[in-house]
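Input: a single structure, listed below in structure tokens.
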Amino acid sequence: MAKKVTGFIKLQIPGGKANPSPPIGPALGQKGVNIMEFCKAFNAKTQGQPGVILPTIITVYSDRSFTFVTKTPPASYLVKDKLKLDRGAQKPGTEVMAKRVPKKTVEEIVEMKKPDLTAGSKEAGMRTIEGSIRSMGLKLDY
């Protein structure tokens, strides 16, 4: 018989840097999960991606065991990484960043995020990423 799911925990954790301090410790502790066991498993799985922000969904079962799935990094993180930016615009509607994003960069990000995008085609995925870019106060170069 399958284990009964008691809850899901969604966190954004830097790859290879999970530790029992907030926000990970309190979130797992509320569900009764062994915090150090999760940290060791997460760090082992993500050691090839040090410091990369990874959205993680942790499924907690009735016997306090867990499984977790890591997703691709957020689009905003990938854009900042590709363009070597510290941050996006403070006021995206009014403040415009000097950087322009080329179409090639958008296509690369869509390819990286393809497993997690709900878009039905590459063009729809590009429109999704373009929206994220605009919300960061950046301009498209095409």
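Within region 5-69, the trypsin sites (Lys or Arg not before Pro) that combine a DSSP coil assignment with at most 13 other C-beta atoms in a 10 angstrom radius are 64. Contact order for the chain, expressed relative to its length and based on alpha carbon pairs under 8 Å spaced 6+ residues apart, stands at 22 percent.
Quick check on the chain: helices-only [θ] at 222 nm, where DSSP H runs of length 4 and up contribute -39,500 (n - 2.57) each and the sum goes over total residues. Nearest 500, please.
After summing the helix terms and dividing by the residues of the chain, the value is -11000 deg cm²/dmol.
A Cβ-based charge dipole, computed about the Cα centre of the chain with Lys and Arg at +1 and Asp and Glu at -1, lands at about 80 debye. Overall size of the chain from C-alpha positions, given as principal axis extents largest first: 53, 32, 28 Å. Build a GNM of the chain with springs between Cα atoms under 10 Å: which of 12, 90, 49 gets the top mean-square fluctuation? Evaluated over the chain, the most mobile residue of the options is 90.
Within the straight-line cut-off of under 24 Å between alpha carbons, the lysines reachable from residue 113 are 10, 17, 45, 71, 80, 82, 84, 99, 103, 104, 122, 139, sequence neighbours fewer than 8 places apart in one chain being disregarded.
Given contacts defined as C-alpha pairs under 8 Å and at least six residues apart, what's the relative contact order of region 75-140, whole-number percent?
Relative contact order comes out at 47 percent.
Springs between alpha-carbon atoms under 10 Å, Gaussian network over the chain: tell me which of 22, 92, 55 tops the mean-square fluctuations. Result: 22 has the largest fluctuation of those listed.
Read the figures in this text as sums done on the coordinates, not as results from a lab. Computed from a predicted structure; not experimentally measured. Cβ atoms come from the backbone with ideal geometry, glycine included; neighbour counts cover every protein chain shown.
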